[in-house]
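The values are calculated or read from the model by the stated rules, or taken from the named source; none is laboratory data. Keep in mind it's a predicted model, so treat the numbers as computed, not measured. In case anyone asks, the SASA skips ligands and DNA or RNA and just uses the protein heavy atoms, side chains included. Shrake-Rupley method; radii C 1.70, N 1.55, O 1.52, S 1.80 Å.
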Amino acid sequence: MLKKFRQSMKKMFRELLVYHNRSLEFRAKIITLMIASDTNMNECEEKILNETAHKIYSDDSERAEILIDTVKEYFIKIKTKNGLDFDHLIVLVQREARENRRFCNKIDIDMLMPFIACHEDEDEKIFIRRIIDFLEELKKEYGTI
């Protein structure tokens with residue numbers, strides 16, 4: 001019960017309580033782009049989300065859980081059309097990459113590629129590859145070396 005309470009408090013006050021919150025949210029937006037290409041989050045995507053979050057924050061499982069919760073929060077906002085849609089999320093990612101060039105280093109294409117395998121429909125796979133191509137271009141254009 002205490003753990004659940006702490007998680008809900010961190011979710012509510014994430015901006016104040018989480019160290020480097022903007023970096024975590026940028027990563028969450030990128031992962032959400034991979035998941036939100038269709039209207040449902042399937043088991044494969046959820047499994048890869050968990051694996052990816054724990055790879056990114058291998059030394060901090062609590063931070064990995066916050067990343068997972070943030071991705072799910074963005075996904076629900078898109079799904080329910082609650083102030084965010086897929087196109088707006090793309091614009092946000094592009095704007096944040098342009099304004100904070102160091103965020104582009106957080107785009108790890110190798111960690112995003114497994115999301116392609118979660119879709120059986122060839123059109124969905126092509127769409128996700130285009131998103132990955134878009135992210136690669138952002139990284140090339142705005143990334144720092």
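How about Lys106: which aspartates and glutamates have a C-alpha closer than 13 Å to its C-alpha, ignoring those fewer than 8 places off in the same chain?
Glu25, Glu96, Glu136
Going by accessible area, probe 1.4 Å, with all protein chains left in place, what is the ranking of Ser61, Ser23, largest first?
Reading off the accessible areas and sorting them downward yields Ser61, Ser23.
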